[in-house]
Amino acid sequence: MPADPPSSPALRASDTDRDLVIEQLRVAVADGRLDQAEFDERLDAALTARTIDALAPLITDLVAVQGGGALTLPFAGTPAEPAPELLTINERHGSVRREGRWTLPHRLALRTAWCDVMLDLTSAVRRAPELVIELQVRGGTVELVLAPGMVVNANELSVRHSSLGISREAGDHIPETLHVRLVGRMRHGRLDTRWQEPRR
């Protein structure tokens, strides 16, 4: 009787694979699907996982199955769609809305004059831990709608004859899921932030 063929070696996990799993865990704790103790336990396991087989069980109960088909993990088979390096929005005397499931670039350049801008990041696909928003804004308003765990840093933003309304984050003790860094300048405008209430 022939011997059983040797099983295929387990596929080794890369740093990118571990980062993708950790991002899924952070989103899950922000959504209320994991508590802090579960997050800490799975985070430790993800950081020490050496193979894809060790990573997969950490998020199989967190990744939605589309259309009743097979579960596809972010590292299984095909690489994740890369985030665009730069997205530029140009508008004058109008309005701009970005909402729903859109892929965040690494850097978003906002070039507007006397416009109303609303950027909803709550359902956006995040491919990196940081989003840099470079503002060249004259007049009008900019509103950022954020999910719990997102942190805004406006220390590099120059404002003149403008107001910033960066309110306190809605979800205390939630791990950071996205760092939003505001740079550039705003003149004669207003910028407001609004955090979505954490799910119960």
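The values are calculated or read from the model by the stated rules, or taken from the named source; none is laboratory data. None of these values were measured; they are calculated from a predicted model. Note: ideal-geometry Cβ built from the backbone for every residue, glycine included; neighbour counts use all protein chains shown.
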Residue within segment 167-175 that is modelled with pLDDT under 95 and in a strand (DSSP E or B) present:
no
In segment 26-70, residues that are part of a loop (DSSP other than H, G, I, E, B), over 22 Å from the mean Cα position of the chain (by Cα) and at pLDDT below 80 total 2
For Gly94, which of the numbered conditions (1) surrounded by fewer than 16 Cβ atoms within 10 Å (Cβ to Cβ); (2) modelled with pLDDT of 90 or more fails to hold?
(2)
I need the full set of residues from segment 99-126 which are among the charged types (D, E, K, R), in a loop (DSSP other than H, G, I, E, B) and surrounded by 17 or more Cβ atoms within 10 Å (Cβ to Cβ), in order please.
Arg126
Filter segment 176-200 down to residues that are more than 24 Å from Asp40 (Cβ to Cβ) and either among the aliphatic types (A, V, I, L, M) or modelled with pLDDT under 85 (or both), then give me how many there are.
5
Counted residues in segment 29-58 being acidic (Asp, Glu) and either touching a strand residue (DSSP E or B) at 6+ places or on another chain (Cβ under 8 Å) or farther than 20 Å from Asp17 by Cα (or both) come to 2
Residues located in segment 102-156, provided they are in contact with a strand residue (DSSP E or B) (Cβ under 9 Å, 6 or more places away or on another chain) and among the polar types (S, T, N, Q):
Thr103, Thr112, Thr122, Gln136, Thr141, Asn153, Asn155
What do you reckon, is Pro74 modelled with pLDDT under 90 and out of contact with any Lys or Arg (no Cβ under 9 Å at 6 or more places or on another chain)?
yes
